[in-house]
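Colleague: Let me begin by handing over the structure; questions about it come next.
The values are calculated or read from the model by the stated rules, or taken from the named source; none is laboratory data. Given the structure is predicted, the values throughout are model-derived calculations rather than measurements. Heads up, the Cβs are rebuilt from the backbone with ideal geometry, glycines too, and the neighbour counts pull from every protein chain shown. Heavy atoms of the whole protein, side chains included, go into the accessibility calculation; ligands, DNA and RNA do not. Shrake-Rupley method; radii C 1.70, N 1.55, O 1.52, S 1.80 Å.
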Amino acid sequence: MLCLQLILKQVKTFVTGSTYGRKICINELVQSAVFLLEHLPSARQAVLQYLSSVFHDAVNNEFVSKDTSDIVGARLDSIINDVQQVMMKLVKGNADAWAPIISAWSIELLGHISSLYADRHGVPHTSSLNELLQKWMTCVPTKVLIEIASECFASMIGGAPDVCVDALLEASVKHSPHFDWVVAHIGSCFPKTIITRVLMYGLEDYYIHGSSQSVVTTSSEEKIPKMASVVGILGHLAGHHSRDIRQALLTLFQESLQPSGSEMQQCAVPFMLQLASMSPMLLTVIATNLVHTLTTPVMNRLAEQFKKIGQSDDYNSLISLVVHLLMRTEDGAYTVMEFLFETASPSNSTESSDAMETDEEALTVSVQLTCVSVIERLLIDLQRVVHNRSNYGSSEVALLSSLRSHMVALCEQLTSASGKRHVWLSKLLTNLAVHCGENDAANILCHIALTTTQQDQLWVFLGVQQQAEIQHPQVLENAIQHILDTVHMTSTPDSQRHLVLTNLLWLVRTEESSVQKKMATQTQETIQMQSSVCHVLQNHLVSFASLLYSDNLALAKVAMEIVNDVGLPEKRDITMITKLCAATVVLLLHSLQLTDMTEKCHISGICRSCMQKLSQHSTAQRMLLRFLLEGALSSEHSPTLGGRTELVTDSDSGSLTIDQSAGQVSLLQENRHLATTIVKTRSQLSIFHAGVIGQGHKRLPRPPLFTPETLTANRHIFLNAFAACTHETHTRKSSSTIEDDDPAVVNTVSHMTPKLARILALLMIELVSPDVMYNGIPWPEEEFMKVTIERDLLIKKKFENNPVLWDILKFLSAAPGAMCYCSVIIRGLVATLLAHWETSLNKSTRHSPWHLEASVNIVECMWKGQILLPPLCHVAEIFHLLTPYEVHMLLKVIWRYVKENPPVPDPREDQSSGCYERYTQVLRSILHGNIDKLGTFYARFFTTTAASK
């Protein structure tokens with residue numbers, strides 16, 4: 001044992017220095033205090049009180065030294081370190097005896113210092129717990145105290161954890177919120193124990209102060225005093241101990257569901273909701289973890305706990321709190337919303353029946369009604385916030401910002417949802433579109449148009465568009481652009497493209513019908529405030545034009561319907577007009593290959609209606625006529641109109657195949673070669689292509705691919721479209737009531753202007769006649785046919801391989817003055833017919849069916865074109881009864897008549913008087929020579945007036 005004299009000496013020194021104010025060295029005084037603390041139990045209280053004053057002075061010196069350098073501060077730091085070493089030695093030597101005493105003293109002293117210096121300059125506010133902790137940990141005295149307290153807790157945590165935790169929480173109650181940084185730091189050292197005890201401490205305080213009040217309070221710190229401290233401590237610990245907090249909350253939640261739980265434990269759910277409303281971190285923990293534990297039995301158990309709330313104000317406050325938390329949810333927002341939707345309106349309608357069959361517990365009605373109430377209130381609040389964000393402090397809604405990455409999943413749910421769930425999803429997507437920006441809103445509209453298979457659900461597209469345009473005026477333009485970009489992607493299948501175009505067509509037609517209804521009740525300005533789908537699509541007609549070339553005619557048909565319904569913009573770009581005209585003609589010609597007559601007539605009717613609209617533009621009208629003629633004469637489409645292609649024999653297989661090398665031997669190149677060489681005596685001046693030696697027999701005509709009835713219908717459809725492009729005035733119905741093309745009715749030329757007739761005639765000459773020489777209107781002598789025989793043969797071959805040219809020529813003959821400009825074509829055909837009938841050895845013209853039909857057609861065209869007068873205009877009626885020589889003689893008369901009476905663009909001669917007798921002598925002679933067969937036709941050609949003449 002120590003000497004009694006030594007103890008008395010240290011007591012005298014300590015009492016003298018600490019009580020009577022005598023100047024004793026502080027180091028000596030502290031050494032005496034520490035000595036008495038260890039060896040004199042009765043002096044412990046006085047010694048600890050004195051050491052508290054030493055720590056107070058040290059803390060004060062720390063604050064003073066921020067502005068002025070003080071040597072005392074450094075001296076006290078060394079003394080503080082000595083005190084720490086002694087106390088650490090005591091605790092480690094006998095923890096059971098010293099740890100409770102020293103821990104209680106250090107914690108109380110830390111609380112007193114924290115409260116005393118809370119208002120000093122440089123001390124952060126209690127709301128910034130991390131900053132406050134950093135501030136006190138840089139202060140040497142408080143750092144020493146917290147290390148001493150931590151060592152005491154470490155020695156007691158295994159044997160008596162409740163003692164140390166209770167002391168810590170008691171100090172927290174006394175000095176909160178300034179003491180929270182101490183609890184947070186110690187809690188980071190012993191997280192499991194501290195977190196559990198802090199939660200229970202907060203639950204007790206909530207049960208006492210908060211359970212009898214409204215769940216949602218304007219200031220939780222005032223009505224529930226310790227709630228802010230609990231939130232601050234847990235928030236500090238969440239950085240490194242979030243798993244422990246998550247497990248503690250889950251344990252607290254599960255204990256509250258036990259039937260034997262106390263009334264305080266049953267307040268755990270409102271308590272955790274209150275914590276979540278004060279801490280985003282705790283809200284994330286609850287949203288991401290506790291939702292997965294909400295099974296059917298758990299939900300029903302919670303419903304039983306809240307039965308006593310009923311429809312009181314507390315119930316409404318609880319629902320409001322849940323809605324408020326949902327709007328602030330970031331992590332796990334999609335999971336929470338999916339849980340609410342599934343609970344309020346299960347996607348599987350047989351879920352309840354299956355649960356009954358398997359004796360599983362089913363959701364109660366009260367649970368579903370509560371979820372419905374939460375969803376509806378949430379959607380109302382979201383709509384109010386997103387449309388009035390300028391009136392709220394935050395411009396972002398956490399829930400919607402989190403759901404931004406799940407827009408695709410929400411849109412996919414929308415396509416399969418029905419009933420209330422479909423309504424909720426549509427409203428949620430609408431709020432999401434308004435909140436997240438123009439690009440996201442456009443993506444939502446795009447995804448709806450791409451995935452919706454039921455057209456009734458496309459009303460969501462119009463609803464989202466209407467609301468989104470309030471904040472984002474260009475959203476529809478961007479959405480249409482995204483949709484068309486997806487359609488034109490090579491990876492997009494045709495089925496997907498067809499679905500998208502069908503949806504766009506529905507939107508266009510629905511908009512047209514709604515606009516017509518609004519016209520009766522609203523002004524034009526009010527209607528134009530909302531962007532028009534038709535107006536936007538007018539800016540993308542070129543994109544639709546490229547779709548008309550698709551081999552999938554069903555896809556091309558829908559694209560054509562969209563173009564036809566949308567119409568042309570007021571400002572028409574020449575590039576757009578050109579591409580649209582070409583694509584429309586290609587689709588029309590492709591549709592002629594269909595075997596289904598109903599579908600063929602429907603597609604051609606749409607194309608014809610679009611051509612009518614395009615032909616209102618003079619440039620487009622000329623393009624359409626050119627494209628139609630070029631398409632009808634092309635090797636790809638001419639077979640559908642009765643055209644013939646050449647075949648060659650495959651020497652290996654013996655089968656007939658289309659000649660792909662027909663153009664390898666160029667007649668033009670051969671004649672050019674002759675032009676650069678010296679022409680020898682008695683050699684040809686030009687080359688006529690009659691085949692290539694070594695390739696076998698002359699190419700056979702290709703057998704027809706279509707039946708005569710189909711070819712006739714195709715030619716009628718083509719002529720209907722051709723006639724639609726030549727009308728100056730249009731009397732058809734609007735695009736919304738398009739009728740299918742009727743192949744039995746061919747449109748006549750009505751109101752075709754002479755200018756258009758001249759353009760069409762010159763276009764015929766350009767495409768049919770290969771020569772630019774000798775294309776004048778007057779007819780030369782018959783001997784001149786030898787000069788143009790090559791060109792005449794090519795014209796004849798063109799008409800022979802493309803029967804549709806006869807239909808076009810007949811159609812054009814009814815136009816005023818058109819045949820005058822087609823003089824070269826008529827002259828070439830008549831010349832070849834004269835040569836044929838002159839050399840024919842057949843006894844009847846019926847043995848040359850094509851030449852007979854050509855002769856009849858050319859005379860009819862000359863008559864309709866007012867080139868021939870009676871009776872010569874009727875001679876075609878008896879061609880089938882004559883011999884080839886007699887037809888030859890009549891055609892010579894016609895040639896002579898036209899040569900002496902050349903056609904004029906504007907014929908004014910009265911046709912009732914007929915032609916002169918010198919042109920009818922051959923006809924009269926033929927009638928007399930065949931009186932047995934032609935006697936009944938005499939009155940048709942020669943009347944009394946003609947005889948007297």
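Colleague: Classify segment 741-862 from the C-alpha gyration tensor, please: rounded if a/c falls under 1.5, else prolate or oblate depending on whether a/b exceeds b/c.
Modeller: In terms of gyration-tensor shape, oblate.
Colleague: Would you grab the residues whose amide H sits under 5 Å from the one on Ser635? Only those 5+ places off in sequence or on another chain, please, with H modelled 1.01 Å from N.
Modeller: Placed amide hydrogens put nothing under 5 Å from Ser635.
Colleague: Just check segment 160-209 against the gyration tensor rule for me: Cα atoms, a ≥ b ≥ c as the square roots of the eigenvalues, rounded for a/c under 1.5, and otherwise prolate or oblate depending on whether a/b exceeds b/c.
Modeller: Cα axes put segment 160-209 in the oblate bin.
Colleague: What list of ³J(HN,Hα) couplings, whole Hz, do you get for segment 880-895 from phi and the Karplus terms 6.51, -1.76, 1.60, once you set θ to phi - 60° and write x for glycine and proline?
Modeller: Per residue, the Karplus-derived 3J(HN,Hα) values read 6, 9, 9, 8, x, 5, 5, 5, 4, 5, 5, 5, 5, 5, 4, 4 Hz.
Colleague: Still on this structure, I have one more. With a 1.4 Å probe and all protein chains kept in place, how much accessible area does Ile319 have, in Å² rounded to the nearest 10?
Modeller: Ile319 exposes around 10 Å² with every protein chain in place.
Colleague: Would you kindly derive the ³J(HN,Hα) couplings of segment 534-546 from the backbone phi angles with the Karplus curve 6.51 cos²θ - 1.76 cosθ + 1.60 (θ = phi - 60°), listing them in order in whole Hz, with x for Gly and Pro?
Modeller: 3J(HN,Hα) across segment 534-546, in whole Hz: 4, 5, 5, 5, 4, 7, 10, 5, 5, 5, 6, 4, 5.
Colleague: Rounded, prolate or oblate, given the Cα gyration tensor of segment 813-937, with a/c below 1.5 counting as rounded?
Modeller: Cα axes put segment 813-937 in the oblate bin.
Colleague: My understanding is that a pair violates if its Cα-Cα distance is over 25 Å; which of Lys135/Lys174; Lys892/Lys933; Lys796/Lys843; Lys755/Lys892; Lys843/Lys933; Lys89/Lys143 do that in this structure?
Modeller: Lys755/Lys892, as the Cα separations exceed 25 Å there.
Colleague: Give a residue-ordered list of calculated ³J(HN,Hα) values for segment 816-826 (Karplus: 6.51 cos²θ - 1.76 cosθ + 1.60, θ = phi - 60°; whole Hz; x for Gly, Pro).
Modeller: After applying 6.51 cos²θ - 1.76 cosθ + 1.60, I find x, x, 5, 5, 4, 7, 8, 4, 5, 5, 5 Hz.
Colleague: Of the peptides 536-545, 552-561, how do they stack up when ordered by the mean number of other Cβ atoms within 10 Å, highest first?
Modeller: 552-561, 536-545
Colleague: Right, next: Taking the solvent-accessible surface of protein heavy atoms with a 1.4 Å probe, what is the per residue accessible area of segment 793-867 in Å²?
Modeller: 36
Colleague: Of the listed pairs Lys786/Lys899; Lys92/Lys192; Lys557/Lys579; Lys557/Lys600, which have alpha-carbon separations greater than 19 Å here?
Modeller: Beyond 19 Å between Cα atoms: Lys92/Lys192.
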